[in-house]
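Novice: Here it is, the structure in full.
Nothing in this text is a laboratory measurement; each read-out follows from the coordinates by a stated rule. Predicted model, so just to flag it, every value in this text is computed and none were measured. Neighbour counts are summed over all protein chains in view; Cβ atoms, including those assigned to glycine, are modelled from backbone coordinates with ideal geometry.
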Amino acid sequence: MIVHTLTVGPFQENCYLLGDGATREAVLIDPGDEAERLIGAIEREGWTLHALWITHGHIDHVGGIAAIKRHADVPVYLHPADRALYDRAAEQGKHFGLRIETPPPPDHDLAEGDVLTVGALSFGVIHVPGHSPGHVAFVGHGVVFGGDCLFAGSIGRTDLPLSDPVALARSLERFAALPEETVVYSGHGPATTVREERRSNPFLTGAARLIAR
């Protein structure tokens, strides 16, 4: 498994290029901006793009989808509960003074328990609402691509439209229950581990205590 972090756009969002080094098949997780740069990274390293996996529908995670789809008509995976956000990406962008191209409709609905593959790699889908109603994470091979649920030392915002702090608290319990060595690739900021966040993140230590009971 190969993971490249590509931080893009004015929100400094982490897009992940996840690939199987043996097959050279790859997916992009949350291509939020700078589509040409993301396409260039794929082409320079000889990857074959297989799909776009989206953790949630906020503008900083979907802004590059339309341009990438024009370049490579690969399927987009999104949880249907985030369609209200996803479909209004251009409108969201205007509130921040940004020009965001509305992404094309998703090709596949994500749901709790789905298994996605890229090459010989498999990742389970967990539904972790709170930051947004259809937020998901992709778990497998000792890592979790957690979007904007859990950050190094912090958590995702719950003061945005359709956010739910009670739901996020429950979702954080699911992160705390993952094996401690699990690497957490977040939507913003550096990678961390479940062990480190259970130890030092004030938002996760409570969830960790509940898991330990």
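Novice: Quick one: the Cα spread of segment 2-212 along its three principal axes, in angstroms, biggest first?
Specialist: 47, 43, 28
Novice: What residue among 92, 124, 72 has its Cα farthest toward the positive end of the dipole of segment 1-160, where the charges are +1 on Lys, Arg and -1 on Asp, Glu, each on the Cβ?
Specialist: Ranked along the dipole, the leading option is 92.
Novice: A further question on this structure: Using the basic label-point model (7 angstrom from Cα toward the beta carbon), what is the residue 70 to residue 120 distance in nanometres?
Specialist: Each label point lies 7 Å from its Cα, and together they span 3.8 nm.
Novice: Going by alpha carbons, how many degrees (0 to 90, nearest 10) lie between the helix axis of 35-44 and the longest principal axis of the chain?
Specialist: So the inclination is approximately 80 degrees.
Novice: About the Cα centre, and with charges only on the beta carbon of Lys, Arg (+1) and Asp, Glu (-1), how big is the dipole of the chain? Nearest 20 debye, please.
Specialist: Details: 17 positive and 27 negative charges, 97 e Å.
Charge dipole, the chain, about its Cα centre: 460 debye, nearest 20.
Novice: Normalised by the number of residues in the chain, what is the relative contact order in percent for Cα pairs under 8 Å and 6+ residues apart?
Specialist: 15
Novice: With angles folded into 0 to 90 degrees, how steeply does helix 202-212 sit against the dominant principal axis of the chain? Use alpha carbons for both and round to 10.
Specialist: Helix 202-212 and the main axis of the chain meet at about 60 degrees.
Novice: First measure r as the distance between the Cβ atoms of residue 199 and residue 170, then evaluate 1/(1 + (r/R0)^6) with R0 = 25 Å and state the FRET efficiency to the nearest 0.05.
Specialist: Details: r = 21 Å, r/R0 = 0.84.
Using R0 = 25 Å, I get an efficiency of 0.75.
Novice: Run the helix sum for the chain: -39,500 (n - 2.57) per DSSP H stretch of 4+ residues, divided by residue count, reported at 222 nm to the nearest 500 deg cm²/dmol.
Specialist: Values: 8 runs with 62 residues, N = 213.
It comes out at -7500 deg cm²/dmol, rounded to the nearest 500.
Novice: Now a separate question. For helix 165-176, what angle does its Cα long axis make with the longest principal axis of the chain, in degrees from 0 to 90 and rounded to 10?
Specialist: The helix 165-176 is inclined about 90 degrees to the chain.
Novice: Continuing with this model, one more query. Could you work out the longest stretch of the chain that avoids the GluC sites (Glu not before Pro) located in DSSP loops with at most 12 other Cβ atoms within 10 Å? Mind showing how you got there, number by number?
Specialist: Values: sites that count: 112, 181.
Formally, the longest exposed-site-free interval is 1-111.
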